[in-house]
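Right, one structure below, let's go through it.
Where a number appears in this text, it was derived from the coordinates with a stated rule and is not lab data. For clarity, every value in this text was computed on a predicted model and none was experimentally measured. Backbone-built Cβ (ideal geometry, glycine too); neighbour counts: all protein chains shown.
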Amino acid sequence: MQLNDVLLLLLESLIMFICVLVGVAFLTLLERKVLGYIQIRKGPNKVGYCGVVQPFSDAIKLFTKEQTFPVTSNYLPYYFSPIFSLFISLLIWVIMPFHFGLNSFSLGLLFFLCCTSVGVYTVMIAGWASNSIYALLGGLRAVAQTISYEVCLALILISFIILSSGYDLYYFNIYQEMLWFMFITFPLMIVWFASSLAETNRTPFDFAEGESELVSGFNVEYSSGGFALIFMAEYASILFMSMLFVMLFLGGDFGSVFFILKLVLVSFAFIWVRGTLPRYRYDKLMYLAWKSFLPVSLNYLLFFSGMKIMMVSFFI
């Protein structure tokens, strides 16, 4: 690869990351507006026209506040874990199947599983390095929850890999031109959406930030820039899981206006769940992962494997 190609790749990646961060800013505005109307109030409407500039105002406020560090914290892990968390949440976007090349490669789904697995460590280190009991408990809860639901996500992805015979997300564009996978794998779609909520620590599975018993969880000792980076990483993950949901179940058609509309609709569903459902109980969360979602995912995996073997043997 020549130097010009490397520079062009870096420039395209930078543009994509900036677009994702702008999307994250307006996703926070969408969430505050939707939650406001659910609770019969207006939401942010003072800064700019109907509150459009509010996310940028919040970002400036957070990054200009004084940064505090607990005296007994492990300084370097405490400082760098939010940075790595946001970096991983942005890096995972390179698997998007752009039609004009960019970073698309043939092992996108494997890269996604690797990034989500590494993302667990940033939460664990943030909770441990803060040297606070509340932060450590929140981190342990988040790690246990994320690992539990990663198993279901991985099994569902393996089912789709068997269906599409490849790891590239672009295949899902091709195979869903006539029929969306939503219609043939509806139970898997429900399991995937619930697992995505748990994976991104969202209501009703927000045990990492259970304010009633954990005082904001693993990020309790973070302020200003560190808190903002953790916040941005969470919303970048929500946006990415919405994109992946659309690619897997709702026809893909990446690059069209309908893709954006479907992505906004799924992101709205994340917010709608937060405004509607109460928090789950922690033992029920684990029961749901290991006793309900895991058998469903395994059964579908065996079913698709059997169907694939029958098709291959039939055509041979």
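Of note:
- Both the radius of gyration and Dmax for the stretch 195-265 are 15.1, 44 Å, in that order, over alpha-carbon atoms.
- In degrees, nearest ten, helix 3-38 long axis to first principal axis of the chain (Cα): 70 degrees
- For the stretch 190-256, with +1 on Lys and Arg beta carbons and -1 on Asp and Glu, the positive-most of Trp192, Thr203, Leu229 along the dipole: Trp192
- Summarising the label geometry, the points placed 7 Å from Cα in the beta-carbon direction at Thr68 and Ile190 lie 4.5 nm from one another.
- Cα centroid separation - the stretch 144-195 against the stretch 19-44, whole Å: 28 Å
- Charge dipole (debye, nearest 20) of the chain; +1 at Cβ of Lys and Arg, -1 at Cβ of Asp and Glu: 760 debye
- With a Förster radius of 25 Å applied to the beta-carbon distance between Leu261 and Ile15, the computed FRET efficiency rounds to 0.65.
- Plainly put, the stretch 131-281 has a radius of gyration that is 1.02 times its Kirkwood radius, both from alpha-carbon atoms, as the Rg/Rh ratio.
- The magnitude of the dipole of the stretch 116-237, with charges of +1 and -1 set on the Cβ of Lys/Arg and Asp/Glu and taken from the Cα centre, is near 140 debye.
- log₁₀ of I(q)/I(0) at q = 0.11 Å⁻¹ - the chain, Debye sum with one point per alpha carbon: -0.74
- Here the extension length gained between Thr276 and Tyr79 equals 67.5 nm, from 0.36 nm per residue of separation less the Cα-Cα distance.
- Residue (of Gly48, Tyr134, Leu110) at the positive-pole extreme of the stretch 1-154, dipole from beta-carbon charges: Gly48
- Ranked list, fewest to most other Cβ atoms within 10 Å of each Cβ, for Ile125, Ile158, Ile38: Ile38, Ile158, Ile125
- Calculated FRET efficiency for the pair Val151/Lys46, C-beta based, R₀ 30 Å, to 0.05: 0.10
- Computed from label points 7 Å out along Cα-Cβ, the spacing between Cys114 and Trp290 is 3.0 nm.
- Two-site label geometry, Leu179 and Ile60: point separation in nm, points 7 Å out along Cα→Cβ: 5.4 nm
- With 5 Å bins beginning at zero, the pair-distance distribution over Cα atoms of the stretch 151-199 amounts to 5, 20, 28, 28, 16, 4, 0 %.
- Kirkwood hydrodynamic radius of the stretch 17-67, from the reciprocal of the average inverse Cα-Cα distance over all distinct pairs: 11.7 Å.
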